[in-house]
Amino acid sequence: CGPAPDLMNIDFHNTYWQRAVNGNLTYYVFGAYYDERETVPEAPLVRVLAMVNQHKDASFKYPPIYCQFWMQGRAKPVIVPVSEHKVMWPFGHAARRYYPTFLSCPLPEGRHKWEVPEMVSLVAGKCDRARNLLRVVYEPDESLESGVTNITSTNSSTFSNSTSSSSSNSSSSANDPRFVVCVKALDFPYEDKSWRLIEWLELMRLLGAHKVVLYDAQMHPNMTRVIQDYLQTSPGFVELRPMSLGRGEPHARPHFHHYAMQADGFNRILNEMIPYNDCFYRHMYKYDYVGVFDIDEVIMPLGNHTTWQDLVQLARVVPDYESRTSADCVEWVSFCFRNVYYPRYPERPKVYRNLSSSFYMLQHVERVRQHCDRGSAAKCLHDTRFAIGLHNHFTFFHTEDSACAAKSVPIEFAQMQHYREPDTKSLLIDPIVDASIWRFQPQLQRRVEERYRRLGFLPNEQ
C-alpha cells in the first residue's frame, strides 16, 4: 500500500474539508484527533471528525472502511478498520443532509500501539490509494511536561498593567481547574456586535476562562477588528479558527455563506457540531473543563462565589437538581446550569442610569421570573476526562464506566444567563431585577473602556 497522497491528488472539498467515498456513503472529513485518555477504554485511538450522508439508525450497517495511519519515518501506512461510527445527531433526519459523525480508529496492538500517527487517510479498501490526508491533532499540555503548572500568565492581557494585574486568573493557584470556552461559527456579516463581544470576552476572563476559541463564518468588520486586537494583545486568551459548511456550499465572502446558513437552518445546526468538537479535542489535554457558549450566554456563579474555579468545586458537593444521577456518583461528565432569559425590555427605563448604554449585560439586569427546566437550553462545563462528543447543550457520549451523566446544579448556586428574548412570550410579563453581574461592574467597566480607548470606539450614549 501507499504512498501517501501528494497535495495535488487530495480531493479537497470547500476549502477546509476533504472527501472520501465508500459505496453510497460520502464522508466529508474535517479533522483527526489522537485520544490517549486513561478513561477511554479503547484508547489509544484516532477520532476522525466528518459529515456523512447517513443519519443515526440502529438498523443501518456501515460497510467496512479503513484508516491508513502515516507514521514518522515510515513510507507505508499502518492500516486499521474503523471500529465505530458515532453519529452526533439523534433527533431526526431529512433528505440531502450530512450528519456530524466521529469515526473511531484504534491503534493496532504491537509496536505502533503507542506511536502517535503523523497523518491519517480514510479509504474504502485497505490498500486503496488515498485521496484525503489529515494531520492528526495531538496537543498535550506542554506546561506539565516542562514542569510549568501555571499557564495563566500567557492568558492575561498584555496591553494594560491594570488589566493584567487585576485578572481573576493571575492569582489562581497551580491546582485550580482550567477552562476553555468554545464558540460556534460567528455569522454576523451585517450586524455589528463588537461592543457586546468585548463585554462578553472580558466577563469570560473575570469568571475564570483561560482561553476563548472563536470560529469565523462571516463577521462585521468591527468584530473582526476587535478579535484581531485580542489576538495581538492577548494571544493566549483568544484564538480564531476558520470554518465553512461541510455539505459543499462555497465559503464565498461576504454574502453567499451567510445566505446558505440562513436558508437551511437544519443544515446550519448540524454543522455547528463540528466547531464544538474540533475545539474540544484540540484542547482536552490542556484544560480541565470546556464550555460551549454563544456570545449572549454566561454561566453566572451566585452568592459568595464569583469564579468558575469556585463553582466546579461547589458543584461536586451540592445535590443534583431533581436527583437524576445516583447519590453514589463521585464524578460527572458535566456540571450543567439552568437557563434564564434576560430580555431587552426596550420600553423600560435603564436600571443603572450612570452607566453607558454600550454596556449591554451590565445594563440588562431585568430577567424573567421563571428558570427553564434542566433539559431546556441549559449550558454546561464539560470535564475533559470524560466527554466524547459535544452538543451545544450537553454531551452526546461520555465514558460511562468512569463518570456519571451530567449533574444539574441548583439555581441557588448558579444560573445560565441568556441575553435574548424567550421563545415563550408570556415569560416577559412581570420581570424581576437580578443584578448578579454588578459584582463585576468596576473591573468589567474598566477593562471594557480600556479596550474601547485602544480601538478608538466612541460608544453612543443615546
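The values are calculated or read from the model by the stated rules, or taken from the named source; none is laboratory data. Note that the structure is predicted; figures quoted are calculated from it, not measured. All Cβ positions, glycine included, derive from the backbone under ideal geometry; neighbour counts span all protein chains shown. Keep in mind that these areas ignore ligands, DNA and RNA; they rest on the heavy atoms of the full protein, side chains included. Shrake-Rupley method; radii C 1.70, N 1.55, O 1.52, S 1.80 Å.
Looking at region 374-386, is at least one residue out of contact with any helix residue (DSSP H, G or I) (no Cβ under 7 Å at 6 or more places or on another chain), polar (S, T, N, Q), free of Cβ contacts under 8 Å to residues at least 60 places away in the same chain and not in a strand (DSSP E or B)?
yes
Look at region 400-431 and say how many of its residues are touching a helix residue (DSSP H, G or I) at 6+ places or on another chain (Cβ under 9 Å), assigned to a loop (DSSP other than H, G, I, E, B) and not hydroxyl-bearing (Ser, Thr, Tyr). Walk me through how you get there before you give the answer.
Our first condition is that a residue be touching a helix residue (DSSP H, G or I) at 6+ places or on another chain (Cβ under 9 Å); within region 400-431, this holds for 407-411, 413-415, 417, 419, 421-422.
In the following step, the residues that additionally are assigned to a loop (DSSP other than H, G, I, E, B) were identified as 410-411, 413, 419, 421-422.
Next cut, not hydroxyl-bearing (Ser, Thr, Tyr) only: 410-411, 413, 421-422.
Number of matching residues: 5.
Residue by residue through region 339-359, note down the ones that are under 29 Å from the mean Cα position of the chain (by Cα), in a loop (DSSP other than H, G, I, E, B) and closer than 14 Å to residue 433 by Cβ.
342, 343
Being over 16 Å from residue 17 (Cα atoms) and not small (Gly, Ala, Ser) is the filter here, so list the residues in region 243-266 that pass it.
253, 254, 255, 256, 258, 259, 261, 262, 264, 266 - these are the residues of region 243-266 that are over 16 Å from residue 17 (Cα atoms) and not small (Gly, Ala, Ser).
Determine which member of the set 258, 251 is modelled with pLDDT under 95, open to solvent by 30 Å² or more (accessible area, probe 1.4 Å) and touching a helix residue (DSSP H, G or I) at 6+ places or on another chain (Cβ under 6 Å). Give the derivation first.
Details: 258 fails: touching a helix residue (DSSP H, G or I) at 6+ places or on another chain (Cβ under 6 Å).
Only one candidate qualifies: 251.
Quick check on residue 437: is it of a type in the set (Val, Ile, Thr) and either closer than 25 Å to residue 270 by Cβ or not in a loop (DSSP other than H, G, I, E, B) (or both)? Walk me through it before giving the result.
Working: of a type in the set (Val, Ile, Thr): yes; either closer than 25 Å to residue 270 by Cβ or not in a loop (DSSP other than H, G, I, E, B) (or both): yes.
So residue 437 passes the test.
Can you tell me which of 285, 276 is among the aromatic types (Phe, Trp, Tyr), out of contact with any helix residue (DSSP H, G or I) (no Cβ under 8 Å at 6 or more places or on another chain) and farther than 19 Å from residue 200 by Cα?
285
Yes or no, residue by residue, for (1) of a type outside the set (A, V, I, L, M, F, W, C); (2) surrounded by 15 or more Cβ atoms within 10 Å (Cβ to Cβ); (3) free of Cβ contacts under 8 Å to residues at least 40 places away in the same chain; (4) part of a loop (DSSP other than H, G, I, E, B):
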| site | (1), (2), (3), (4) |
| --- | --- |
| 4 | no, yes, no, yes |
| 39 | yes, yes, no, yes |
| 42 | yes, no, no, yes |
| 73 | yes, no, yes, yes |
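Quick check on region 280-296: of everything there that is within 13 Å of the chain's Cα centre (by Cα) and more than 9 Å from residue 384 (Cβ to Cβ), which residue is surrounded by the fewest Cβ atoms within 10 Å (Cβ to Cβ)?
Here the answer is 294.
Among the residues of region 363-373, write down those that are buried (at least 22 other Cβ atoms within 10 Å of the Cβ) and not in a loop (DSSP other than H, G, I, E, B).
367
Condition first: open to solvent by less than 40 Å² (accessible area, probe 1.4 Å) and among the charged types (D, E, K, R). Now tell me which residues in region 213-238 satisfy that.
216, 229
Give just the number: which of (1) outside any strand (DSSP E or B); (2) open to solvent by 10 Å² or more (accessible area, probe 1.4 Å); (3) on the phi < 0 side of the Ramachandran plot does residue 397 not satisfy?
So residue 397 meets the others, but not (1).
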